[in-house]
Amino acid sequence: MADDFRLKSKHLLVAAIDFGTTYSSWAFSFRFDYDRDPTKVSAKQWQGHESTKGPTCVLIKPDGKTLHSFAFDAEAKYAELIEDDKHKEWYFFKRFKMMLWKQKLNRNVLLEDENGRKLLARTVFALAIKYLKEDLWAVSNDRIANAVLQNEIHWVLTVPAIWNNAAKQFMREAAEEAGIESDMLTIALEPEAASLFCRHLPVEKSGNQFSLASLRAGSQYLVLDAGGGTIDITVHEVTESGGVKELYKASGGAWGGTKVDSSFEEFLVCLTDKSVVKKFKQDHLDDYIELLRRFEVKKRDIEPDKDTKVVMSIPLAFFTTVKKQLHKDLTKAVKKSSYSNSVTLSGDKLKIDPAVAQSFFKESIESTIEHVKDVLQKRENSGVEAILMVGGFSESKMLNKAFKLTFPTLKMIVPDEAGLAVLKGAVLFGHEPKDIFERISKFTYGIAMDPCFDSSKHPESAKRAFINGVDICKSFFDKHVIAGQSLKVGEAQSEQTYVTRPNHRSTVLIEVFATESQSPVLVTDPGCRRVGQCNIPMAGTGAGRKVLVRMIFGGTEIDVECTEKATGKVSHITIDFLS
């Protein structure tokens, strides 16, 4: 496993992949450029679309193994296949990253495409990452005439901070399947990456009178990473050296920009019928995608104080679908809907009252603000003086205004190109991972043990008779890290010595449990769950062999360092969160 705190600076180039729910892209910088100006980062330009990010869409050939295309090309080709009625044998996936959010993951989990056909999720993710990887490598080589070797690139893959360890491991294994070696890969947390990038931005490039770089040591700020799928919220503090430490554990929810898109789609359902929208999407995916693109443009311009109607062109195919499904034209459908007084149709133009357009943002903004209020009310966050808004959705005027009104005493920082802050920050993190000094543990982590029974700390219900009449406590939760504990990057926060039982063989199986409780007693307590396991190799067999286990939690992934006392042999073990 590539621990972020062990990354050496020898790499000629650091390459980052921001694999987003709605959009994805890559960026890189050479070491010599980073040394001169850390903010000099080259990002992907999608030709013909004037965009630095492409839609997270994957088109896979009927064999279920070969990538045909990614992003805009995948959308265009799949639309052609639909038109020729050849699409049913192909696999088309879009906005599939959210399947890793709050789902029990394993290596065999399946992903359903737009036609209801299924493939291994890891195959889909791996093919997408491989496309971005190879595209980046080709472009970076063009810059210096094919002088970049694969082993001179260190890769960084971004993930939401609110993801669990299984989701992070899933992304790592997908990247490995895509051809990225594990020891050349670092997982970066999205809010941290954005925070690092904005710390380097001077005032004139920050898009504000007030910049993150102007915060003095000890200053605290909340990071709101508003992406397409999730909204990540963390609290950071500036260190004496200008780095960052986490003050409050990452939290958030699925309230990103796609929640607004879902509200718009529900609006179309209310105007017509559920069957209309379903049929339109099924038979005219190209028009459906184009309609969402038009809404994406309008979405950025919707403001809380604007009193002008939002005007959108509706594809002809939508009119014909309404007629076919409802046996009436769209004009009549709109007049009979609950929006008859606030929405009108003129030719192919749908004119939406501003209040209706603003209502699309209601659920997303209210959920986000309530959560931020809750975070700011915590005692440890009382010193927060600013909110850093990053991620594509943070550019929304609706979200910006709502935050300014709700938190008038806090400074608001929205950098230029806020949607690229995570991607570019991931490159910086790859060059200098030590700029993140501390993180907060979201859970209490521990190991399942069967120690000798102690009536002063073990419940009677867990008492079991063991060999030679010795009583043990069955399924004891041996804590290594407590929820809310500050974890210094690169340092072992815990160490415990475990002694093997008589039936011990050449490896010791350790099962890792987690809970939000700070004081679990048994791994069977409510809220405790088994999150992974690791096998510790031993030189000998039998009872009484001692192994020192040190868990290093400060990195974006957990490292388990095991030392066998008898031989002094040290092993670094990866916890398997997907078993």
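Every read-out reported here was derived from the displayed coordinates using simple, explicitly stated rules and does not represent laboratory data. Quantities reported herein were computed from a predicted structural model and do not represent experimental measurements. Backbone-built Cβ (ideal geometry, glycine too); neighbour counts: all protein chains shown.
Summary of computed values
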read-out: Rounded to 5, percent antiparallel among DSSP beta bridges of the range 4-188; value: 70 percent
read-out: Amide N proximity, the range 424-459 versus GLN45 label position 7 Å along Cα-to-Cβ, cut-off under 18 Å; value: 424
read-out: Student exercise, the range 4-188 dipole from Lys, Arg, Asp, Glu Cβ charges, in Debye to nearest 20; value: 680 debye
read-out: Estimated FRET transfer efficiency when R0 is 41 angstrom, pair HIS327-MET98 (beta carbons, to 0.05); value: 0.70
read-out: Residue order, fewest to most beta carbons within 10 Å, for GLU240, GLU266; value: GLU240, GLU266
read-out: Amide hydrogen neighbours beyond the local backbone of GLU557, cut-off 5 Å, H modeled; value: ASP4
read-out: Mean ellipticity per residue at 222 nm, deg cm²/dmol - from DSSP H runs of n ≥ 4 across the chain, formula -39500 (n - 2.57); value: -9000 deg cm²/dmol
read-out: Top positive-direction residue, dipole computed over the chain with Cβ charges, set LEU222, LEU149, LEU578; value: LEU578
read-out: In nm, spacing of pseudo-spin labels at SER241 and GLU516 (7 Å Cα→C-beta vector); value: 3.4 nm
read-out: If the convex hull is drawn through the Cα atoms of the range 4-188, its volume per residue in Å³; value: 128 Å³
read-out: Under-5 Å amide H pairs with LEU247, H placed in peptide plane, nonlocal only; value: VAL235, HIS236, GLU237
read-out: P(r) tail fraction, the chain - alpha-carbon pairs more than 47 Å apart, %; value: 20 percent
read-out: Residue order, fewest to most surrounding Cβ atoms within 10 angstrom, among LEU388, LEU285; value: LEU285, LEU388
read-out: Global form of the range 430-483, assessed from the alpha-carbon gyration tensor, a/c cut-off 1.5; value: prolate
read-out: Gained length - LYS274 relative to GLU417, 0.36 nm times residue gap less alpha-carbon distance; value: 47.9 nm
read-out: Residue-span extension gain [ASP37 to GLU303] - 0.36 nm each, minus C-alpha spacing; value: 92.2 nm
read-out: Theoretical gain in end-to-end length, SER214 to LEU292 [0.36 nm per residue, Cα-Cα removed]; value: 24.2 nm
read-out: Exposure proxy ranking, count of Cβ atoms within 10 Å, fewest first, for LYS336, LYS44, LYS397; value: LYS336, LYS397, LYS44
read-out: Between the range 281-351 and the range 205-267, the Cα center-to-center distance that results, in Å; value: 33 Å
read-out: Inter-label distance, nm, simple model (7 Å from Cα along the C-beta direction), GLU370/LYS457; value: 4.0 nm
read-out: For the range 388-485: rounded, prolate or oblate by the Cα gyration tensor [a/c cutoff 1.5]; value: prolate
read-out: Calculated FRET efficiency for the pair ASN468/ASP85, C-beta based, R₀ 60 Å, to 0.05; value: 0.20
read-out: Rounded to whole Hz, the Karplus (6.51, -1.76, 1.60) HN-Hα couplings of the range 426-441, x for glycine and proline; value: 5, 5, 4, 4, x, 6, 9, x, 6, 5, 9, 9, 9, 10, 10, 6
read-out: Once the Cα gyration tensor of the range 443-574 is diagonalised, semi-axes √(5λ) in Å; value: 23, 22, 11
read-out: Karplus-derived HN-Hα couplings along the range 212-219 (A = 6.51, B = -1.76, C = 1.60, θ = phi - 60°), whole Hz, x at Gly and Pro; value: 5, 5, 7, 6, 7, 4, x, 5
read-out: In order through the range 315-327: 3J(HN,Hα) via Karplus (6.51 cos²θ - 1.76 cosθ + 1.60), integer Hz, x for Gly, Pro; value: x, 4, 4, 5, 4, 5, 5, 4, 4, 5, 7, 10, 6
read-out: Dipole magnitude of the range 115-191, debye to nearest 20 (Cβ charges: Lys/Arg +1, Asp/Glu -1, about Cα centre); value: 400 debye
read-out: Nonlocal amide H pairs with PHE443, under 5 Å, H built at 1.01 Å; value: GLY484
read-out: Efficiency of FRET from Cβ geometry, ASN151 and THR567, R₀ 35 Å, rounded to 0.05; value: 0.65
read-out: Simple Cβ-charge dipole of the chain, Lys/Arg +1 and Asp/Glu -1, about Cα centre, in debye nearest 20; value: 1000 debye
